[in-house]
Amino acid sequence: MTAIGKLMTQNVVCADMDITLGMAMEICSEKRIRHLPILDEYKQLAGMVTDRDLRYHLSPRIGTLAENKSDRESLEHPIHLIMKRTVVVASADTPISEAAQLMLANKVGCLPIVNLGRHVVGLVTTTDLLRYLAESGL
């Protein structure tokens with residue numbers, strides 16, 4: 001039985017709870033990521049934000065001629081106001097099939113992999129699972 005740790009992306013890009021929505025959007029854009037784990041002051045997983053969450057909470061007028069003061073102010077809101085605080089997680093030794101079932105049951109596109117101290121050690125996405133299936137010939 002293969003553990004999810006074999007598939008996970010290590011060196012996960014994370015952010016602190018006090019960054020702004022604008023900073024989070026920049027990070028996602030620059031790093032070309034869709035899932036951003038949010039860490040508390042102890043560097044433990046506190047929440048999760050997706051690029052979809054950011055787009056939902058930011059005005060579509062940002063960066064256009066129609067942008068106004070209110071649109072720009074939304075960029076300054078702290079990320080902890082919109083992050084999902086209940087995050088489904090797994091450990092690196094969780095079997096791949098169990099991790100996939102967790103993702104399906106909770107309708108999430110990524111699964112943070114945490115250690116016993118709730119520190120993020122990796123991240124698995126649906127793309128990682130599909131890549132694994134394609135390469136294994138299952």
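Read-outs: derived from the displayed coordinates by stated rules, not from any lab. Predicted, not measured: the structure shown is a model, and the values here were computed from it. No Cβ is skipped: glycine too gets one built from the backbone with ideal geometry, and neighbour counts run over all protein chains shown.
Quick notes
- Total lysine pairs in the chain at Cα distances under 27 Å, for residues eight or more apart or on different chains: 11.
- Residue order for Tyr132, Tyr56, fewest other beta carbons within 10 angstrom first, comes to Tyr56, Tyr132.
- Take every pair of alpha-carbon atoms less than 8 Å apart whose residues are at least six positions apart; their mean separation over the length of the chain yields a relative contact order of 32 percent.
- On the basis of the beta-carbon distance and an R0 of 30 Å, Leu75 and Gln101 show a calculated FRET efficiency of 0.20.
- Once the Cα-Cα distance is subtracted from the 0.36 nm per residue extended length, the Leu116 to Leu65 segment shows a gain of 13.5 nm.
- Applying both filters, DSSP loop and at most 15 other Cβ atoms within 10 Å, to the trypsin sites (Lys or Arg not before Pro) of region 38-138 gives Lys43, Arg61, Arg85, Lys107.
- The stretch between Asp18 and Thr127, if pulled fully straight at 0.36 nm per residue, gains 36.3 nm over its current Cα-Cα span.
- q = 0.10, 0.14, 0.17 Å⁻¹, the chain: log10 I(q)/I(0) [Debye, one scatterer per Cα]: -0.37, -0.66, -0.90
- Modelled spin labels at Arg34 and Glu135, positioned 7 Å past Cα toward Cβ, are 1.9 nm from each other.
- Top of Leu102, Leu111, Leu45 by mean-square fluctuation, Gaussian network on the chain, Cα under 10 Å: Leu102
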